[in-house]
Amino acid sequence: MSDAGFASPSSGGMITPARQVTDDEVIIGLEIHCQLDTVTKLFCGCTTDYRDDEPNTHVCPVCLGLPGSLPRVNRKAVEYALRVAMALNCEILPESEFSRKNYFYPDLNKGFQITQYDKPLAAHGHLDIEGDDGEKRVRITRVHMEEDPGRLVHKGGADRPKYSLVDYNRAGIPLIEIVTEPDLRSPKEARRFLNKLRATLEYLGVFDSEKEGSLRVDANISIQPKGWFDRTGKGKPDRGRAEVKNISSYKGVEKALTFEVTRQKSMIRRGQKLESTTRHFVETRGVTTASRSKEMEQDYRYFPEPDLRPLRVCDWGAAIVLPELPDARRERFMVQYACTPIHARTLTGDLRLAEFYEKVADIDPVLAATWVADTLLGELNYRDMGLAVVPPDVFRDLLTILKGGTITDKSCVEVLRVLLDQLKEAGCCDTPGECVDRLRLGVLVVPAGASSEDPVVCAAKEAIAENSQAVADYRAGRREALNFLVGQVMKKTRGCAKPSDVNRVLSDLLEREG
Ligand code: ZN
Ligand code: MN
């Protein structure tokens, strides 16, 4: 369904030369293919677990499309697809039907793909996301089921392969195709939509985003005069659009769309005509290139699949109980754990993260929210690590020590960094307590009336001796000079002193000696 949701483009777009680009808006619609995480394929009993196995070992007459073989629908796949449709607030159609989509390509062993065409499983849904101007409803045109084709492995360079091998282990994996209306207005919104969709599918337990190639996106993008697209769906003559095919990463979608915005804007600015084209995203270079559209433009000659009966699954919905979805969990986090709206959104935006947070929240929900959503995520991103490697118990111990006041915030970050480095390198790490002891990061408590041998008092004396200008500034009434001195003492104590203690000790010393 290449043009779902779009007014069909006129063959030649009308372009006014030297038009003000600021009067324009970006119009984006997505078609997303997700692999449903079932145990067996859509129409046969072969396993879906194909990634680590030898090519062409999980195949049978059905998924190879041998003559005389007959497909049978995987009930679990239909159930999963229904869960998706319900979570996306779709209407389940009373009767849906499988069709054959005919085209010739080596990854398609049968010469056709079994998909749904004019009678999809579900339609008219929506998903709410955080848009560029606040909460936004993105309409879902349709949700349908289809089988994955095989996989081509190109040998001898991705750009100009010497030859290609085909692996039919992937042929027949159940896919769900989700088509949105062109309601997205920026590459960033498109990324947010995908993140929300991913979270929703993972909460449903029907999808695993960590599996390579489990999500593939086609993105339609055009730049039109503001107001060209109104929500009644009536498009006026348009300037043409690009369809970027088969983007296989979440970041890739935003990158490809950002590239297209720049490319199309510059063409409009120069008064060039934008043909409606199919384009290909080159991940390694971050650009889209025009692709030969020979197999895209052809007539697929759809007709109903004669070997499968129509699906009448409306009443299945009653037996399906949806789990708590991201929006509900976000609300709950704000109520139950007093999370800020931003923390709640971050923490519930990923199922694993939400579960991780709930395993440590009891120590101190607000403290835990900050340390998981801000510090831990930041440090993981910096190291290009996933949350999965961090044992919740280790993080619990760390938070417990921090809450007990025996290390400072600064030392806590230090310990976390060391532990993450260990986890990255060895897959295991010290206990936070061992790490604190080994690095001597225990907090330096300054007792009342501390002697001059106290390490914090010593450091403060040094700082005063070494920074006469700051001391003079402070005495001249510039309070910010004290902050500078505090910073110096923190450095000397390797972040193990409490800033409040340092402040007090410094003030006392300056008072006494002044
Ligand atoms: Zn099979
Ligand atoms: Mn499709």
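Could you tell me whether any residue of region 166-177 is within 24 Å of residue 190 (Cβ to Cβ), away from ligand 2 (no atom under 14 Å from the Cβ) and more than 22 Å from the chain's Cα centre (by Cα)? Scanning region 166-177, I find no residue that is within 24 Å of residue 190 (Cβ to Cβ), away from ligand 2 (no atom under 14 Å from the Cβ) and more than 22 Å from the chain's Cα centre (by Cα), so the answer is no. Within region 380-431, the only residue that satisfies the criterion of being closer than 15 Å to residue 364 by Cα, at pLDDT below 95 and open to solvent by 80 Å² or more (accessible area, probe 1.4 Å) is 409.
Checked against the criterion of being in contact (Cβ under 8 Å) with a residue 40 or more places away in the chain, over 17 Å from residue 209 (Cβ atoms) and aromatic (Phe, Trp, Tyr), region 77-87 has no qualifying residue. When 456, 486, 502, 436 are checked against the criterion of being assigned to a helix (DSSP H, G or I), touching a Pro at 6+ places or on another chain (Cβ under 8 Å) and crowded, with 17+ Cβ neighbours inside 10 Å, 486 stands alone in meeting it. Taken over region 298-350, the criterion of being of a type in the set (Ser, Thr, Tyr) and either open to solvent by 60 Å² or more (accessible area, probe 1.4 Å) or in contact with a Pro (Cβ under 8 Å, 6 or more places away or on another chain) (or both) is satisfied by 337, 340, 348.
Looking at region 469-476, is at least one residue open to solvent by 30 Å² or more (accessible area, probe 1.4 Å) and either outside any helix (DSSP H, G or I) or at pLDDT below 90 (or both)? Yes, there is a match, as at least one residue in region 469-476 is open to solvent by 30 Å² or more (accessible area, probe 1.4 Å) and either outside any helix (DSSP H, G or I) or at pLDDT below 90 (or both).
Out of the residues in region 86-95 that are part of a loop (DSSP other than H, G, I, E, B) and in contact with a Cys (Cβ under 9 Å, 6 or more places away or on another chain), state the one that is farthest from ligand 1 (Cβ to nearest atom).
Once the filter is applied, the top-ranked residue is 94.
Taken over region 43-85, the criterion of being closer than 27 Å to residue 200 by Cβ, assigned to a loop (DSSP other than H, G, I, E, B) and more than 16 Å from ligand 2 (Cβ to nearest atom) is satisfied by 48, 49, 50, 51, 73, 74. Scanning region 99-120 turns up one or more residues that are within 15 Å of residue 170 (Cβ to Cβ) and among the aliphatic types (A, V, I, L, M).
Does residue 397 satisfy being outside any helix (DSSP H, G or I) and either over 24 Å from residue 347 (Cβ atoms) or touching a helix residue (DSSP H, G or I) at 6+ places or on another chain (Cβ under 6 Å) (or both)?
So residue 397 does not fit the description; no.
The residues of region 87-120 that are within 16 Å of ligand 2 (Cβ to nearest atom), among the acidic types (Asp, Glu) and under 25 Å from residue 204 (Cα atoms) amount to a single one, 97.
Is it true that residue 450 is open to solvent by less than 80 Å² (accessible area, probe 1.4 Å), in contact (Cβ under 8 Å) with a residue 12 or more places away in the chain, out of contact with any Phe, Trp or Tyr (no Cβ under 7 Å at 6 or more places or on another chain) and more than 30 Å from residue 419 (Cβ to Cβ)? Answer is yes for this residue.
Checking every residue in region 44-58 against the condition of being more than 10 Å from ligand 1 (Cβ to nearest atom), in contact with a Cys (Cβ under 9 Å, 6 or more places away or on another chain) and either more than 19 Å from residue 149 (Cβ to Cβ) or at pLDDT 95 or above (or both) gives zero matches. Apart from one condition, residue 37 fits all of (1) assigned to a loop (DSSP other than H, G, I, E, B); (2) under 28 Å from residue 191 (Cα atoms); (3) within 16 Å of ligand 2 (Cβ to nearest atom); the exception is (3).
Being without any contact (Cβ under 8 Å) to a residue 40 or more places away in the chain, within 16 Å of ligand 1 (Cβ to nearest atom), exposed (fewer than 13 other Cβ atoms within 10 Å of the Cβ) and not hydrophobic (A, V, I, L, M, F, W, C) is the requirement here; does residue 68 meet it? Taking the combined requirement at face value, the residue satisfies it. Within region 131-144, the set of residues being touching a strand residue (DSSP E or B) at 6+ places or on another chain (Cβ under 6 Å) and open to solvent by less than 50 Å² (accessible area, probe 1.4 Å) comprises 136, 138, 140, 141, 142, 143, 144. Contact map, region 100-120: first residue under 22 Å from residue 309 (Cβ atoms), second residue open to solvent by less than 50 Å² (accessible area, probe 1.4 Å) and in a loop (DSSP other than H, G, I, E, B), Cβ cut-off under 6 Å, separation 6 or more or different chains; pairs are 100/305; 101/300; 102/300; 110/65; 114/305; 119/97.
The values are calculated or read from the model by the stated rules, or taken from the named source; none is laboratory data. Here the structure is a predicted model, which is why all the values come from computation and not from measurement. Quick reminder, even Gly has a Cβ in these numbers, built from the backbone with ideal geometry, and neighbours come from all protein chains shown. Side chains are part of the model used for accessible areas, which takes the heavy atoms of the whole protein and leaves out ligands, DNA and RNA. Shrake-Rupley method; radii C 1.70, N 1.55, O 1.52, S 1.80 Å.
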